[in-house]
Structures are given as structure tokens and as C-alpha cells.
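Presented below is the structure to which this report refers.
The values are calculated or read from the model by the stated rules, or taken from the named source; none is laboratory data. Predicted model, so just to flag it, every value in this text is computed and none were measured. So basically every Cβ, Gly included, is an ideal-geometry build from the backbone, and we count neighbours across all protein chains shown. The protein model used for the area step is the full one, side chains on, heavy atoms only, and it has no ligands, DNA or RNA in it. Shrake-Rupley method; radii C 1.70, N 1.55, O 1.52, S 1.80 Å.
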Amino acid sequence: MNDLDVDDDPELRDALHAAVACGPPAAPLDDLLLAAHRARRGRGVRRAAGGLAVAAVAAAAVLAGTHLLAAPVTGGDDRTGLATRPAEEQPPPDLEVHVTSEGRLVASPGTAIERTVADPLGREPSGRSWGLVVRRGDTELWGLVDWSGAGTFTSVEPARVRFAAVEDWLDHVVAASTGTVEPHPVYFTPDGSLRGTGPTRVVAVRTGVDLGPAADGTFTAAAELRVRGQRRWVLARLRPGHAPVYVLVQGDRFADSLPALVRDARSLYGDLFSALAAGGRR
């Protein structure tokens, strides 16, 4: 059906004119055209603003994603409940030493080997192992190098982080790697405290005990121990530049209490250390 032009139907035209004539007077044509143009521009601005807002949200999401990926995250956010990954840990230090194909230990440039302990793992004759004290500038490191046909394995730790003596550190690392018991029931920490190893529990301890003449910086201690439920006593001394000495004392034979052990510590330590030295033990 063709569209009907109002002018083609005189009756319809008259009826429409009459209906319009009953309403309020129409606004001038120029005003109507101006309002229409303003409305059209407003819709365009709203459409453009909406598009820019969506683009801004998308850009913010992209930037936020880049920041989250690049920044080290150390925990969760209680406000969002999002799980975040921990920050990457610092890599362990490197000894900067290697073993040649002939089984010779060589330090890298800038690294000095200050001390070695021969074959603490007992690898000879099929392999080699070394306990090491190395220095790079002001940094001192303790290391254990294990060399065999399977390759070279290294344990390393900054000096005096957990142990006051490199011998105690080596005992601990060797025992952990071989599944054996550490040779001493206690060890000195860097602040001069005495700690138990393996099944040993330190019940009571007295530091700064008189064990005879000693150089400045010497650690000494007397302690009551429990080793698998049995009572033990120990006298301990660590002199600067020397291996630590730990002397076990039977409680029934020498002392009934820690104060009694401290009171007799100097004479007991002298006698027992002399006996150890005569037997070729440290």
C-alpha cells in the first residue's frame, strides 16, 4: 500500500488542523530546529563519552595488569581476597670454585681459599671432598664441595650465620647429607650460646665459665643435657682461630647440679682436655 499524503484527503487535513488548533500554540520553527540540533549533538557527545569511558577502563586494566606482573608481590590482599605469589628469594651465594678433571680444586679470579678441611665426606679414593673457608672482598663464605664421577655438588653459607665455628657447620652439613649423627651433642652459635644437635636437649646452661686462660673473644660454657632421656653434662670452649672443644661429663661421676659443675669446671676441663689430647682427639 502506498503512503497517504495528507493533502490528498481534504477531510483528514481539516480534522488534523482542528485538533492542533485546540492545543497550545506551537513554538516558532527556528526554535524547534535549534532544539533538534542540540538534542542530536547531545546524543553524539554521550555516545563519544561512553566510548572514551570504555576505552579508559580497558587501558587502566592493561596498565594494572602490567604493573602486577612486573612488581614483586609479597602477600595477599585482604580487601580483594586475591591470592598473590611471594616475592622471589635471593639466590644463594656461589663459592666461585671448581674442580678440574684431574680432581684439583681451583678458585675463580677474585676468590681466595683461606682454609681447607680434607675430605670431610670420606670420598677418597674414588672421589674428593673439601670443607672450605673462602673470601671475596669483605665476604667470608663456608662451603662443602663434593666431587665424584656423578659430578660436583656444593653447599655454601655465609660465615657465622648459624654457627660460630666452621667445624660445627661442616659437621652439621655432612650429617645432613649422609644421614649420620653429628659428632658433638652441642654447638656454639655466633652470639656464644650453646645449642643442642640431633636428639640433644639443653636443659640448663651457664656461659662465660672459667676453663683456664683464654684469649679475648673465647666462648666458654657449661650445660646440663638430656640425650634420649639420659642426663649428661658438657664443658665447651671455642677460641678464636681454633676448633671448638666439647667435653662430655658423666653426671654421677663428677657433678650433681650445674652450679657444682661450674664450680669445678676449670680443673675438670683441664684434666679431661689433657686426656683427649693424649688420645689424639680434639
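Taking the criterion of being assigned to a strand (DSSP E or B) and open to solvent by 40 Å² or more (accessible area, probe 1.4 Å), the residues of the range 116-129 that qualify are Thr116, Val117, Ala118, Arg128. Annotation: Asp171 fulfils all but one of (1) open to solvent by less than 30 Å² (accessible area, probe 1.4 Å); (2) within 30 Å of Glu124 (Cβ to Cβ); (3) modelled with pLDDT of 95 or more; the unmet one is (1). For Phe153, the criteria (1) on the phi > 0 side of the Ramachandran plot; (2) open to solvent by 40 Å² or more (accessible area, probe 1.4 Å) hold in every case but one, which is (1). Counting the residues of the range 178-200 that are free of Cβ contacts under 8 Å to residues at least 60 places away in the same chain and either in a loop (DSSP other than H, G, I, E, B) or exposed (fewer than 14 other Cβ atoms within 10 Å of the Cβ) (or both) gives 14. Regarding the range 201-219, can at least one residue be identified that is surrounded by 20 or more Cβ atoms within 10 Å (Cβ to Cβ), among the hydroxyl-bearing types (Ser, Thr, Tyr) and either out of contact with any Lys or Arg (no Cβ under 8 Å at 6 or more places or on another chain) or closer than 19 Å to Arg162 by Cα (or both)? No, there is no match, as no residue in the range 201-219 is surrounded by 20 or more Cβ atoms within 10 Å (Cβ to Cβ), among the hydroxyl-bearing types (Ser, Thr, Tyr) and either out of contact with any Lys or Arg (no Cβ under 8 Å at 6 or more places or on another chain) or closer than 19 Å to Arg162 by Cα (or both). If the condition is being within 23 Å of Gly198 (Cβ to Cβ), open to solvent by 20 Å² or more (accessible area, probe 1.4 Å) and part of a loop (DSSP other than H, G, I, E, B), then the range 230-275 contributes Ala243, Gln250. The set of residues in the range 103-113 being under 15 Å from Val145 (Cβ atoms) and either loosely packed, with under 10 Cβ neighbours inside 10 Å or touching a residue at least 40 places away in the same chain (Cβ under 8 Å) (or both) consists of Gly103, Leu105. Filtering Val97, Val134 for residues that are open to solvent by less than 70 Å² (accessible area, probe 1.4 Å), touching a residue at least 40 places away in the same chain (Cβ under 8 Å) and closer than 16 Å to Glu157 by Cα leaves a single hit, Val97.
For the range 201-229, the tally of residues that are out of contact with any Pro (no Cβ under 8 Å at 6 or more places or on another chain), farther than 14 Å from Arg239 by Cα and part of a loop (DSSP other than H, G, I, E, B) stands at 1.
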